[in-house]
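Read-outs: derived from the displayed coordinates by stated rules, not from any lab. Computed from a predicted structure; not experimentally measured. Here Cβ is always computed from backbone atoms with ideal geometry, including for glycine, and neighbour counts include all displayed protein chains.
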Amino acid sequence: SPPVPAPKPSAAALNVQAVRSLPRDPSPPCPRPPTCHRSLGLDERGLRGFPRNRLLEAVIDRYQQGKAAALRCQLCEKAPKEAAVMCEQCDVFYCDPCRLRCHPPRGPLAKHRLVPPAQGRVSRRLSPRKISTCTDHELENHSMYCVQCKSPVCYQCLEEGKHSSHEVKALGAMWKLHKSQLSQALNGLSDRAKEAKEFLVQLRNMVQQIQENSVEFEACLVAQCDALIDALNRRKAQLLSRVNKEHEHKLKVVRDQISHCTVKLRQTTGLMEYCLEVIKENDPSGFLQISDALIRRVHLTEDQWGKGTLTPRMTTDFDLNLDNAPLLQSIHQLDFVQMKVPAPPILQLEECCTHNNSATLSWKQPPLSTVQVEGYILELDDGNGGQFREVYVGKETMCTVDGLHFNSTYSARVKAFNKTGVSPYSKTLVLQTSEVAWFSFDPASAHADIIFSNDNLTVTCNSYDDRVVLGKTGFSKGLHYWELSIDRYDNHPDPAFGVARVDVLKDAMLGKDDKAWAMYVDNNRSWFMHNNSHTNRTEGGITKGATVGVLLDLTRRTLTFSINEDQQGPVAFENLEGLFFPAVSLNRNVQVTLHTGLPVPEFYTSRSAMQ
C-alpha cells in the first residue's frame with residue numbers, strides 16, 4: 001500500500017515547536033499587571049500562577065445572581081416562575097406554589113422569616129463575605145497583608161520567608177483602613193462629580209444663553225447698519241437737492257445772459273442796417289447832419305459789447321466736491337467695540353486688612369469679564385453708618401486709606417467705570433479699625449538732631465537744644481493713652497510731653513507755639529504749656545526710670561498727664577478738636593522709650609465712673 005502522508009502540523013503546534021526551539025532564558029519575564037503594578041514571575045503554572053481578581057469575581061457573581069436568578073423561584077423544575085418571597089433562613093426564593101409545597105408555615109418552618117424578593121436580594125448581596133484562599137497555598141486562608149507587595153498572604157507564605165523583610169499587618173485592619181481611605185477618596189470624587197454636573201448644567205445654560213444673545217446681537221447689528229444706511233440715504237437726498245439747486249441756478253444765469261445778449265444783438269443789428277442805409281444816401285448835407293450822432297452811437301454800442309458782455313457769466317462745471325474719504329475710512333474701520341458698562345469688581349478679602357487707623361483694600365475684575373475698564377471708584381462711609389464718600393478714583397486695584405478713626409466700623413465698596421458708564425457696586429466690606437493705637441516715632445517728620453533706636457521706639461538727641469519728634473499716628477477721635485519711660489536723665493533738663501499738629505516747630509520746646517499742647521517737667525515740678533503760656537505749676541518731677549503718661553480723650557476733648565501712674569495736676573487742656581500727633585521735645589541729656597497699646601489708667605476710669 002502507498003505510504004500515508006503525515007498530517008500537516010497546525011499553526012498552534014508550529015508555534016509551540018518554535019517556542020520550544022528557542023533558547024530558554026534563565027530569568028523568566030516578569031509582567032506587571034495594570035492594577036497592582038507588581039512584578040510577577042511566570043513559572044510552570046503559567047497564567048494560573050497569577051493572583052485572581054477576587055473582588056471582580058464577587059462583583060460579577062452578585063451581578064449575575066441579581067440579573068438571572070435573584071427574582072426567580074429556585075425550586076421550580078422546568079420554567080422557573082417569578083419569586084413571591086424569600087426565606088432569610090433557607091436563603092431560597094419561592095414562588096407561591098413552591099412555598100406552599102416546600103415551605104409550609106407550620107412546624108419548625110413557622111419561625112422562618114419570609115421577606116419580599118427585592119429585600120431578599122439586598123440581604124443576599126449583604127451576606128457575609130467569602131473567605132479567600134492563598135494562590136500559592138490553596139489550603140490556607142489569607143490572614144495577613146504585605147505592605148511592600150500590596151497583596152494578602154497566608155501564614156505559610158510568611159513561614160517560607162518570602163516576606164521576611166517586609167512589613168506585614170493584619171488583614172482585617174488593613175481591609176478596614178483601605179475601605180476608609182477609599183470611602184474618603186470617593187467622598188472627594190463625589191464632590192468633584194457633583195461640581196462637574198453643576199458645571200455641565202452651567203455650560204448648557206451658557207449654550208442656550210449664547211444662542212439667545214447671538215440672535216439679539218444680530219438683530220441689534222442689523223438695526224444699527226440699517227440706521228446707518230437710512231442716514232446715508234437721507235444725506236444722499238440732501239446732497240442731490242443741493243446739486244439740483246446748483247443746476248437750476250446755472251441754467252438761470254446762462255438763460256438770462258442769452259436773453260440779454262439776444263436783445264443787444266438785435267439792437268446792434270438794427271443799428272448796423274440803419275447805418276448802411278444812411279451810407280447809401282448821396283445827399284452830403286443830409287448825411288453830415290446825422291453822421292456825428294451815428295458815429296457816437298456806433299462807438300458807444302461797440303464799447304458796450306467790449307465790457308464783458310461776450311464772456312460767459314457761469315461755468316459749465318459744478319464746483320461741488322463730495323468729501324467721502326472720512327466716511328469711507330470710517331466704514332472700513334467699522335468694528336465691534338465694548339460698549340457695555342463694566343461688571344461689578346470683586347473685593348479680594350484675603351488682601352484687605354486694617355492696621356491701627358488705616359485700611360488697605362484690594363479688588364479685581366471678574367475672571368470672565370472682557371469689558372474694558374478705565375478706572376475704579378472706592379467709597380467709604382464715615383464710620384458711624386453714614387453716607388458713603390469717595391476716597392479714591394484711579395486705575396489701581398489696591399488702595400490704603402489713612403486717617404480713619406480708631407475703634408470704628410467702616411463699610412467699603414468699589415465700582416468700575418469706562419466711557420459707557422459706571423458699573424454696579426461690589427459687595428460691601430465691613431472693616432474694623434484697631435481699638436487702641438500701636439505706633440512708633442516718625443523719623444520722616446522729626447528734627448535732624450533726633451537719634452532713633454529700638455525700632456524707632458527709643459529716641460534721644462545729639463544737641464543741647466530742645467528738639468521735637470512726633471509719633472507716626474494721628475488721632476481725631478476716641479480715647480488714647482501712651483506712656484514714655486525715662487531711660488536716661490542727666491543734669492536736670494526739662495523735657496516736654498504732649499500732642500501737636502503735624503506742622504509744629506521742630507527746633508523749640510514743645511508748647512512754644514500754638515501748634516502744641518504739652519507738659520514740661522524737671523526733677524521737682526511740672527508746668528502745662530501752649531502757645532508759650534505756662535500754667536498749673538505742680539510739684540513732683542521725674543528721674544531715671546520714671547514713667548510719663550499722656551491721655552488724649554477726644555470724646556471729651558481733654559488732655560491729661562500722669563507721672564508714675566498718678567495724675568499730674570488737673571486736666572491740662574480742654575476743648576481740643578482736630579488731628580493730633582503724639583509729641584516729645586528733649587535734648588541730649590534725656591532718652592525716652594515709647595510704650596503704646598496700653599489700657600486707660602485707673603485714675604481716669606474711676607474719675608469717669610464718678611462723673
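Tabulated data
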{"item": "Value in Å of the Kirkwood radius, where the range 159-213 supplies the Cα pairs that are averaged", "result": "15.3"}
{"item": "Positive-end extreme of charge dipole, the range 174-305 - chosen from I229, Q257, I290 (charges on Cβ)", "result": "I229"}
{"item": "Amide proton proximity set for M314, modelled H, under 5 Å, gap of 5+", "result": "none"}
{"item": "Residues in the range 305-349 that a label on Q209 would reach, taking backbone N under 17 Å of a point 7 Å out along Cα→Cβ", "result": "340-346"}
{"item": "Stokes-Einstein D (µm²/s) once Rh is taken as the Kirkwood radius of the range 365-472 over alpha-carbon pairs, at 25 °C in 0.890 mPa s", "result": "141"}
{"item": "Rg(Cα) / (2.2 N^0.38 Å) computed for the range 212-369, rounded to two decimals", "result": "2.65"}
{"item": "Projected-area mean, the range 282-396, by convex hull of Cα positions, square nanometres", "result": "20.6"}
{"item": "The range 174-305, Rg to Rh (Cα coordinates; Rh as Kirkwood inverse mean 1/r)", "result": "1.95"}
{"item": "Distance violations [Cα-Cα > 29 Å] among K340/K364; K477/K515; K512/K544; K415/K515; K472/K544", "result": "K415/K515"}
{"item": "Footprinting exposure proxy for C102, C157, C149 (fewest neighbouring C-beta atoms within 10 Å first)", "result": "C102, C149, C157"}
{"item": "Convex hull volume per residue in cubic angstrom - Cα atoms of the range 450-610", "result": "102"}
{"item": "Proximal lysines relative to K179, as straight alpha-carbon distance under 24 Å, when same-chain residues fewer than 8 apart are discounted", "result": "K130, K150, K169, K194"}
{"item": "Computed E for L186/Q119 - FRET, C-beta separation, R0 22 angstrom, nearest 0.05", "result": "0.30"}
{"item": "Principal axes of the range 361-418: Cα extent on each, largest first, Å", "result": "39, 19, 18"}
{"item": "The range 346-432 - percent relative contact order, Cα under 8 Å, separation 6 or more", "result": "31"}
{"item": "Residue order, fewest to most beta carbons within 10 Å, for W438, W517", "result": "W438, W517"}
{"item": "Formal net charge of residues neighbouring A496 (Cβ-Cβ distance under 10 Å; K, R +1; D, E -1)", "result": "-1"}
